Each structure stands twice: as C-alpha cells, then as structure tokens.
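> First, the structure itself, so that you have it in front of you.
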Amino acid sequence: MSKKCELTGKSPMKGHNVSHANNKTKRRFLPNLKKVRFTSQILNRSLKLNVSNAGVRSVDKKGSFDEFLKNVKNKNLSPRLKKLKKTLLIKVPFKKVSSSKSKSA
C-alpha cells in the first residue's frame, strides 16, 4: 500500500534530521494518512479511502463527498477515484454557476 493520499495526491517528502552538531541524516516526512469511509448519496455507495487529514478537511469544506469529487482536478485523484468521478458526472452533470450581472440604471 502506497503512502499517498487518494484525494489530494499528497505523498512522502525527503529531508534531513539535523543534529545539534549539524550532522545530517536522511529521513522521510510522511503525510498524515487515515482510512476513512466516505458515502456517495448520488451513487448510493460507500468507499474506504486512504486519505490525509487535509483531504478530510477539504471534503468537509465542500459539504459532501459528491460535491468535492465534482469540483476537484483529476490530476490529484487516484485512478480508482477518477473512474468514480466519471460515473458521478454521467449520473449528475456538472453545472457551472453563472454570475450574471443585471444592469439597473
């Protein structure tokens, strides 16, 4: 199992542990991953995903898992979620909110 967030694409970074004597040893900075169950109301399905804490917060901010999937860019998603997004958009097409300015003079 890879240590990569399926929603945001966050992956481990490389760096150094630096001692008081300024000795540097290699280390990895791992993302804060959790196994979280998300439910899709549109597809009537639940998924268990390996998600970072930032990914969970992003889903909470959008309101629901379906809304997050509609608005997120495909390059950050895992292949499994790309397929799910495609089926979600087929069932409920994405509608862009148009900002129409009315002229009142």
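The values are calculated or read from the model by the stated rules, or taken from the named source; none is laboratory data. Keep in mind that what you see is a predicted model, and the values were worked out from it rather than measured. Neighbour counts run over all protein chains shown; Cβ positions are idealised from the backbone, glycine included.
> Can you find, within the range 48-71, the residue that is nearest to K82 (Cα to Cα) among those that are more than 9 Å from the chain's Cα centre (by Cα) and surrounded by 16 or more Cβ atoms within 10 Å (Cβ to Cβ)?
Of everything passing the filter in the range 48-71, K70 is nearest to K82 (Cα to Cα).
> Go through (1) in a loop (DSSP other than H, G, I, E, B); (2) over 16 Å from V59 (Cα atoms); (3) not hydrophobic (A, V, I, L, M, F, W, C) and name the single condition K14 misses.
(1)
> May I pose another question? Have a look at F65, F94 and point out the one that is modelled with pLDDT under 85 and either touching a helix residue (DSSP H, G or I) at 6+ places or on another chain (Cβ under 9 Å) or under 19 Å from K34 (Cα atoms) (or both).
After ruling out the rest, the residue left standing is F94.
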